[in-house]
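Beneath this line is the structure, given in structure tokens, with notes to follow.
The values are calculated or read from the model by the stated rules, or taken from the named source; none is laboratory data. Predicted model only: the values in this text are computed from it and were never measured. Neighbour counts are summed over all protein chains in view; Cβ atoms, including those assigned to glycine, are modelled from backbone coordinates with ideal geometry.
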Ligand code: SF4
């Protein structure tokens with residue numbers, strides 16, 4: 001039977017019969033938690049009577065959510081994670097050398113094409129950009145994977161998203177994925193696998209692909225998969241921490257549904273409160289004033305995102321009423337952004353910059369909102385109270401809209417500031 | 001685990017997300033007793049003061065969407081909610097609930113036929129939901145056999161424990 005990419009990936013790691021709806025026992029290549037989900041996973045691991053993880057080089061904890069430790073309780077959670085990781089000999093990185101897990105782990109070559117990845121964090125689906133069956137689970141499932149090196153999956157149906165044509169230079173991966181969610185809704189792909197294809201998808205730089213795959217879960221999907229190509233392999237070969245074998249879909253595979261998008265019609269967009277599917281063209285929201293803008297997170301804290309934001313902010317100032325918080329998603333991204341002058345641009349524009357952390361994305365720290373405040377954020381969720389008080393509001397967007405809006409003090413289309421040739425081209429150096 | 005529940009219904013809408021079930025500001029603990037007082041705090045302030053142990057949550061589609069935090073079903077269970085009936089569940093919440101032993105039922109018809117405050121009786125093994133105030137009976141979507149076994153064994157922890165013991169025996 002011809003297989004979709006999701007089916008082919010599961011089949012490569014199971015002895016069971018693979019077809020949509022079947023439940024399979026699947027080998028796991030890599031399993032990780034963060035500082036919040038690590039603590040319950042460690043407790044459940046003990047309750048399972050497990051003593052050692054299946055392979056310490058394939059198990060990790062990334063302390064990224066409440067780090068640098070924001071209070072004593074968070075410090076204790078990280079302490080427990082650190083002690084467990086040391087005892088098990090598994091991977092753990094200290095703050096300052098790590099980053100937001102879904103940006104950091106691919107960068108370290110720990111998530112690779114053809115693999116099955118389990119993470120105790122819903123945005124684990126980011127790894128789908130590399131053609132890995134990467135999906136989020138809870139702490140108990142993760143503990144089971146640490147103990148056994150395997151998990152169970154119900155084989156998902158696959159929805160193919162075909163983006164034909166060419167996007168305009170102001171349209172980023174974030175605009176593409178928000179437009180998709182705006183169309184199919186936050187549960188449009190519930191329990192399903194998304195498989196991205198088409199000219200506009202192939203043209204996306206790696207960093208934008210991570211952005212698109214990242215938000216698969218915010219359409220309800222289990223995974224958001226890209227078919228490995230030269231760009232994927234270029235990225236993975238340079239970084240791989242272990243050998244890997246990419247997996248591809250078969251021609252003639254059956255898809256539950258095909259969603260077609262016409263890339264040339266896409267525009268820079270924002271998602272209004274309080275659902276990621278509440279999508280509007282940025283240009284139609286110029287009446288919305290802002291108190292804060294956040295550029296960062298596992299969705300848009302990568303080098304390409306900072307490059308785009310810097311292109312807008314170069315020689316401009318953040319609006320006097322607005323706080324701009326910029327958080328490069330990993331230490332490597334920070335160092336490279338420094339080298340290329342982006343950090344200097346942000347400082348001169350009047351931004352607050354922090355070491356890599358999830359920070360304000362989940363209302364942790366580094367930019368919590370007061371009642372009545374409104375933040376435009378490059379992260380992935382705008383639920384009630386997500387970044388602070390329940391009386392605050394979050395709007396979502398890509399890095400160009402974020403930077404343009406920080407300057408304008410209100411939602412702004414990047415075309416207000418950047419001409420056709422002023423948007424940096426992406427993807428050449430991969 | 002008992003599989004019959006009797007409680008008052010608390011009805012909410014679609015897309016009840018994990019951020020309102022248990023906000024991130026309380027995630028520096030994973031102790032159900034510490035999480036429970038904040039259960040649904042950002043959706044329905046005062047829920048915890050007004051609810052009684054055994055009460056039943058009823059919600060629309062995509063219940064538990066958002067983050068993977070197991071703290072969400074833990075907070076609901078810790079609060080004393082006996083079970084959650086929804087038109088549909090987000091996939092990670094679905095797994096988490098079964099794994100930690102929070103009873104859940106998928107039943108769009110029941111969601112349409114239940115109002116807040118009505119008394120509901122649930123027979124988990126049969127997937128039967130009875131609205132005691134209207135006399136209406138609903139049947140939940142049955143789980144596949146694999147998941148029924150998982151639930152019957154008491155969740156994922158005992159299941160993995162048994163697997164590990166078997167492995168150790170075989171290694172000897
Ligand atoms: S950056 Fe935000 S969405 Fe991403 S892992 Fe951190 S808290 Fe979650």
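Some values worked out for this structure:
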| item | result |
| --- | --- |
| Those helices (runs of 4 or more DSSP H) lying entirely in the range A:279-369 with at least 1 residues within 14 Å of another protein chain (Cβ to nearest Cβ), within 16 Å of the ligand (Cβ to nearest atom) and out of contact with any strand residue (DSSP E or B) (no Cβ under 7 Å at 6 or more places or on another chain) | A:297-300 |
| Every residue from the range B:23-38 that is modelled with pLDDT of 95 or more and under 14 Å from the mean Cα position of the chain (by Cα) | B:36 |
| Residue match in the range B:128-148 (condition: crowded, with 23+ Cβ neighbours inside 10 Å and more than 17 Å from residue A:44 (Cβ to Cβ)) | yes |
| Residue B:79 vs. criteria on the phi < 0 side of the Ramachandran plot and either within 16 Å of the ligand (Cβ to nearest atom) or in contact with a strand residue (DSSP E or B) (Cβ under 6 Å, 6 or more places away or on another chain) (or both) | no |
| Within the range B:91-172, helices (runs of 4 or more DSSP H) holding 2 or more residues that are more than 14 Å from chain A (Cβ to nearest Cβ) | B:108-112 |
| The listed residue being within 11 Å of chain A (Cβ to nearest Cβ) and out of contact with any helix residue (DSSP H, G or I) (no Cβ under 7 Å at 6 or more places or on another chain), out of B:42, B:55, B:3, B:17 | B:17 |
| Checklist (1) in contact with a strand residue (DSSP E or B) (Cβ under 9 Å, 6 or more places away or on another chain); (2) modelled with pLDDT of 95 or more; (3) not in a loop (DSSP other than H, G, I, E, B) applied to residue B:54, failing item | (3) |
| Unmet requirement for residue A:124, which otherwise passes all of (1) within 14 Å of the ligand (Cβ to nearest atom); (2) away from chain B (no Cβ under 11 Å) | (2) |
| Condition check for residue A:178: closer than 22 Å to residue A:402 by Cβ and away from the ligand (no atom under 16 Å from the Cβ) | no |
| Matching option when the condition is within 16 Å of the ligand (Cβ to nearest atom) and surrounded by 19 or more Cβ atoms within 10 Å (Cβ to Cβ), among B:19, B:55 | B:19 |
| Subset of the range A:404-421 (residues that are farther than 21 Å from residue A:274 by Cα and assigned to a helix (DSSP H, G or I)) | A:404, A:407, A:408, A:414, A:415, A:416, A:420, A:421 |
| Scan of the range A:69-106 for residues that are surrounded by fewer than 18 Cβ atoms within 10 Å (Cβ to Cβ) and either within 14 Å of another protein chain (Cβ to nearest Cβ) or touching a helix residue (DSSP H, G or I) at 6+ places or on another chain (Cβ under 7 Å) (or both), ordered by number | A:70, A:71, A:72, A:73, A:75, A:76, A:79, A:80, A:89, A:96, A:97 |
| Subset of the range A:136-165 (residues that are farther than 18 Å from residue A:40 by Cβ and either within 8 Å of chain B (Cβ to nearest Cβ) or within 16 Å of the ligand (Cβ to nearest atom) (or both)) | A:152, A:154 |
| Strands (runs of 3 or more DSSP E) within the range A:145-254 that include 1 or more residues touching a residue at least 60 places away in the same chain (Cβ under 8 Å) and more than 18 Å from the chain's Cα centre (by Cα) | A:150-154, A:158-164 |
